[in-house]
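Chemist: Can you read through this structure? Questions will come right after.
Bear in mind that the values in this text are calculations on the coordinates, not laboratory data. Computed from a predicted structure; not experimentally measured. Neighbour counts are summed over all protein chains in view; Cβ atoms, including those assigned to glycine, are modelled from backbone coordinates with ideal geometry.
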Amino acid sequence: MTTLQHPAPATFTDERLQSLAAAHATPLWVYDADTIRARVERLRQFDTVRFAQKACSNTHVLRLLRSLGVQVDAVSAGEIQRALHAGYDARGEHSGIVFTADEIDRATLELVAQHGIPVNAGSVAMIEQLGEHLGERASGHRLWLRINPGFGHGHSRKTNTGGEHSKHGIWPTDLPAALEAIARHGLRLVGLHMHIGSGVDYAHLERVCDAMVQHVSDVVALGHDVTAISAGGGLSIPYREGDASVDTAHYFSLWDAARRRLAAELGHAVHLEIEPGRFLVAESGALLAEVRAVKEMGGNHFVLCDAGFNDLVRPAMYGGHHAISVIACTNADVRAELARGAERVPTVVAGPLCESGDVFTQDAGGVVEAREIAPAETGDLLVFHDAGAYGASMSSNYNTRPLAAEVLVDGATSRVIRRRQTVAELIALED
Ligand code: LLP
């Protein structure tokens, strides 16, 4: 039986979530493996699906994706090490791991050198440092160029990664310098990459595809070849009721057309990659929290739970919307009926942190909003939906709160894929 008020994986029944919360305590991250499998299937038309692991970097999730033939993107030495730990390597023309960044530190230079990991460079400085660090090893080391096409788009200003206000990517006028550095160091250009932000809109997408064709033509005119292009990530998911799901077939058709135009121009096949994070994992995940206090403050009804923005920061950081369901645990029979019914209460849902912004129902400007949710009492469970992407991976230890545990549900089975951190572990770092 489920009383959840938002689409959720079929395995997320009230009983299942209640028993997971009882067994592992709250706050608790739960992921459904079948949802991840289903999302991968929707992108099979692309030659390579490369998971932007910043969305959810748990090594067990990476292993699951690897078993499905999905490759991985890493943006730090830590993410490279997670990928290696999960069994990925840089073998094959379309390497299991690509390192994408706008700058590269010394430790990461050595890591990519040791493992032969292709670098997706967002600055000319990165190319120079890579070439210098590799020295004689530079010959044939694979490189992508992340291009900032001069415009961007995103669900919030903070997730727009194109245009002159964004720090990301190589500005088109730097392209000749980037190509000259590649040639001088003997690096091998594989392809061009563009990611202009998170949140799809097809008008922008058409512009990005046109820009990709144009920039590849510029590269060819400067005497270089390109065998692959990457569409980046950014596919949105329906966080709110009424939000459309991405039409992945349409999405593919636009990129496929761009790839075909290029193949005709270049006279050889062009490999097409896509690099989503959110699309693959957001809907698979939920954050479970227990209601610990209910109170009236002037005109506002507050429900306070044991998860805070140290766990799920998206609402506080971007005004990110996560649907919230209530699983009645107190007076369960009567109240489950209420939750199933139409009764909704305008509620401000907040966490335990000693900070006013620790509110899950707020807009992008930080204005607290009351949201209509089912009535909740102390002891009930709250389910924050669609929290599988940029949830656990953005958690912090603020207020000395240990990182929450993560559980992967796979059909009838479930297992802990990260145990709960302890305060002793945190303090030990300072001993
Ligand atoms: N590729 C690159 C180069 C990226 O920078 C990103 C995201 C992705 C792929 C994956 O984007 P996605 O498919 O997940 O939209 N923390 C924010 C999102 C930040 C995205 C940063 N880059 C959020 O919670 O919405």
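Chemist: For GLN81 and ASP256, compute 0.36 nm times the residue count separating them, minus their Cα-Cα distance, and round to one decimal in nm.
Modeler: 59.8 nm
Chemist: Using modelled amide H (1.01 Å from N, peptide plane; none on Pro or chain starts), what sits under 5 Å from the amide H of ALA101, excluding residues fewer than 5 places away?
Modeler: When sequence neighbours closer than 5 places are left aside, the close amide H contacts are ASN120, GLY122.
Chemist: Under 10 Å, Cα contacts only: if you run a Gaussian network model on the chain, which one of LEU235, LEU20, LEU222 comes out with the highest mean-square fluctuation?
Modeler: Among LEU235, LEU20, LEU222, the largest mean-square fluctuation in the Gaussian network model of the chain belongs to LEU222.
Chemist: OK, next. Taking 7 Å along the Cα-to-C-beta vector as the label spot, tell me the ASP34-ARG106 distance in nanometres, rounded to one decimal.
Modeler: The two pseudo-label positions are separated by 5.2 nm.
Chemist: Moving to a separate point now. Using only the alpha-carbon atoms, how far is helix 106-115 inclined from the longest principal axis of the chain? Give it as 0 to 90 degrees, nearest 10.
Modeler: 70
Chemist: With θ taken as phi - 60° and the coefficients 6.51, -1.76 and 1.60, list the Karplus ³J(HN,Hα) couplings across region 226-234 in order, rounded to whole Hz; mark glycine and proline as x.
Modeler: Along region 226-234, the couplings run 9, 10, 8, 10, 10, 7, x, x, x Hz.
Chemist: Assuming R0 = 45 Å, what is the FRET efficiency of ALA424 and GLU128, from their Cβ-Cβ distance, to the nearest 0.05?
Modeler: Plugging the Cβ-Cβ distance into 1/(1 + (r/R0)^6) gives 0.50.
Chemist: Still on this model: Can you tell me the relative contact order of region 44-275? Whole percent, Cα pairs under 8 Å, sequence separation 6 or more.
Modeler: After rounding, I find 17 percent.
Chemist: Let me ask something additional. To check you understand DSSP bridge types, tell me what percent of the beta bridges within the chain (both residues inside) are antiparallel, rounded to 5.
Modeler: Antiparallel: roughly 45 percent of the beta bridges in the chain.
Chemist: Rounded to the nearest 5, what is the percent of antiparallel bridges among the DSSP beta bridges in region 44-275?
Modeler: Bridges in region 44-275 that DSSP calls antiparallel: roughly 5 percent.
Chemist: Name the shape class, rounded, prolate or oblate, that the alpha-carbon gyration tensor gives for region 150-284, where a ≥ b ≥ c are the square roots of its eigenvalues, rounded holds for a/c under 1.5, and otherwise prolate holds if a/b is larger than b/c and oblate otherwise.
Modeler: Prolate is the answer for region 150-284, as a/c is 1.5 or above and a/b outweighs b/c.
Chemist: May I pose another question? Angle check, please: helix 14-24 long axis (alpha carbons) against the longest principal axis of the chain (alpha carbons), in degrees 0 to 90, nearest 10.
Modeler: So the helix axis and the longest Cα principal axis differ by about 80 degrees.
Chemist: Enumerate the calculated ³J(HN,Hα) couplings along region 264-274 in order (Karplus 6.51 cos²θ - 1.76 cosθ + 1.60, θ = phi - 60°), each rounded to whole Hz, writing x wherever the residue is Gly or Pro.
Modeler: Here the 3J(HN,Hα) series is 5, 5, 8, x, 8, 5, 10, 7, 10, 10, 10 Hz.
Chemist: Would you list which lysines come within 30 Å of LYS167, measuring only between C-alpha atoms, while excluding same-chain residues fewer than 8 positions from it?
Modeler: Reachable lysines: LYS54, LYS158.
Chemist: Mind giving me the FRET efficiency for ARG44 and ARG344? R0 is 45 Å, r the Cβ-Cβ distance, nearest 0.05 is fine.
Modeler: 0.70
Chemist: Describe numerically, in nm with one decimal, the distance between label points set 7 Å from Cα along Cα→Cβ at VAL368 and at GLU180.
Modeler: 5.8
Chemist: For the chain, modelled as a Gaussian network with Cα springs under 10 Å, which listed residue fluctuates most, VAL345, VAL216, VAL124?
Modeler: In this elastic network of the chain, the residue with the biggest mean-square fluctuation among VAL345, VAL216, VAL124 is VAL345.
Chemist: Given only helices, namely DSSP H runs of n ≥ 4 each adding -39500 (n - 2.57), what is the per-residue ellipticity at 222 nm of the chain, to the nearest 500 deg cm²/dmol?
Modeler: After summing the helix terms and dividing by residue count, I get -9000 deg cm²/dmol.
Chemist: Sorted from largest to smallest, which semi-axis lengths in Å does the alpha carbon gyration tensor of region 44-275 give for its equivalent ellipsoid, taking the root of 5 times each eigenvalue?
Modeler: Equivalent-ellipsoid dimensions as semi-axes: 25, 22, 17 Å.
Chemist: Please give the length that would be gained between ALA249 and THR400 if that part of the chain were fully extended, namely 0.36 nm times their separation in residues minus their C-alpha to C-alpha distance (nm, one decimal).
Modeler: Taking ALA249 through THR400 to full extension adds about 49.8 nm, to one decimal.
Chemist: Which log10 I(q)/I(0) values does the chain give at q = 0.07, 0.10, 0.11 Å⁻¹ under the Debye formula, counting every alpha carbon as one identical point scatterer?
Modeler: Reported log10 I(q)/I(0), two decimals: -0.37, -0.73, -0.86.
Chemist: By what distance, in whole Å, do the Cα atoms of region 1-114 stretch along each of the three principal axes, largest value first?
Modeler: 52, 34, 24
Chemist: Considering only C-alpha atoms, what is the centroid distance from region 393-413 to region 347-380, in Å?
Modeler: 20
Chemist: Between GLY308, GLY277, GLY267, which gets the highest mean-square fluctuation from a Gaussian network model of the chain, Cα cutoff 10 Å?
Modeler: GLY267
Chemist: Okay, next question. Just need the relative contact order of region 214-369 here, percent rounded to a whole number, with Cα pairs under 8 Å and 6+ apart.
Modeler: Across region 214-369, relative contact order equals 20 percent.
Chemist: Would you work out if region 316-431 is rounded, prolate or oblate? Take a ≥ b ≥ c from the square roots of the eigenvalues of the alpha-carbon gyration tensor; rounded if a/c is under 1.5, else prolate when a/b is larger than b/c, oblate otherwise.
Modeler: The shape class here is oblate.
Chemist: List the aspartates and glutamates whose Cα lies under 14 Å from the Cα of LYS295, skipping any in the same chain that are fewer than 8 positions away.
Modeler: Once the sequence-local aspartates and glutamates are set aside, what remains near LYS295 is GLU377.
Chemist: Let me ask something else about it. Let me make sure I get this right: for region 128-207, a, b and c are the square roots of the gyration tensor eigenvalues over alpha carbons, sorted descending. Under 1.5 in a/c it's rounded, otherwise prolate if a/b > b/c, else oblate. Which is it?
Modeler: Since a/c reaches 1.5 and a/b is larger than b/c, the shape of region 128-207 is classed as prolate.
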